[in-house]
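Here the structure is laid out as structure tokens; the discussion comes afterwards.
The values are calculated or read from the model by the stated rules, or taken from the named source; none is laboratory data. The shown structure was predicted, so the numbers you read here are calculated from the model rather than taken from an experiment. Cβ placement follows ideal geometry from the backbone for every residue including glycine, while neighbour counts extend to all protein chains displayed. What goes into the accessible areas is simple: the full protein's heavy atoms, side chains included, and nothing from ligands, DNA or RNA. Shrake-Rupley method; radii C 1.70, N 1.55, O 1.52, S 1.80 Å.
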Amino acid sequence: MKVNIGLKEKDTAAVAELLNKLVADLNVLYTKVRNAHWNVEGADFHAQHLFFEGIYEGLAETIDEVAERVRAIGHYSVGSLKEFLDLTQLAEEKPTKNDSQSYIKILLNDYESIIITLRENIQITEKHGDAATEDFFIEIMASFEKTAWMLRSHLK
């Protein structure tokens, strides 16, 4: 059944494209955080193992919410590894060492890249008249800014 929420098809299609790129980025980031969780080594292992676990658990919830937002505006979410890799802006990156600092630097870079993209998406979504997705992007951005601050704090 066609979605009738007061937005034109061309507008929801444009917003769905932004959301699907975010789904891809979040899935790639999720995998990178899981990798850090599994493979981190060092004197701070236990604390960092738990820290990364908290991050990927939060990402799993966000991924689900973003994919469901795509559906709520009448489109289908990407869901395959190929689609994630085709759409993501994030690079596959392996740290030179399995210490927490190396993983955190990579993850911080990814978080900051996604934050910048979210700022751009907010402006684009506003032009398409989708206030709900605009607010949704703002909420995710605020959460990502907090996580980026936490990651950054580990590097001082």
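Structure values in brief
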item: Which numbered condition Thr125 fails, given (1) open to solvent by 50 Å² or more (accessible area, probe 1.4 Å); (2) touching a residue at least 60 places away in the same chain (Cβ under 8 Å); result: (1)
item: Qualifying residue in segment 91-104 (condition: part of a helix (DSSP H, G or I), of a type in the set (Gly, Ala, Ser) and free of Cβ contacts under 8 Å to residues at least 24 places away in the same chain); result: yes
item: Number of positions in segment 1-29 that are touching a Ser or Thr at 6+ places or on another chain (Cβ under 6 Å) and at pLDDT below 95; result: 0
item: Identity of the residue in segment 62-89, among the hydroxyl-bearing types (Ser, Thr, Tyr) and surrounded by 14 or more Cβ atoms within 10 Å (Cβ to Cβ), that ends up farthest from Lys32 (Cα to Cα); result: Ser77
item: Matching residues in segment 109-122 - criterion: being surrounded by 19 or more Cβ atoms within 10 Å (Cβ to Cβ) and closer than 17 Å to Tyr56 by Cα; result: Asp110, Tyr111, Ile114
item: Cβ-Cβ under 7 Å pairs, at least 6 apart or on other chains, segment 48-61 side in a helix (DSSP H, G or I), far side open to solvent by 40 Å² or more (accessible area, probe 1.4 Å); result: Tyr56/Tyr30; Tyr56/Arg34; Leu59/Tyr30; Ala60/Tyr30
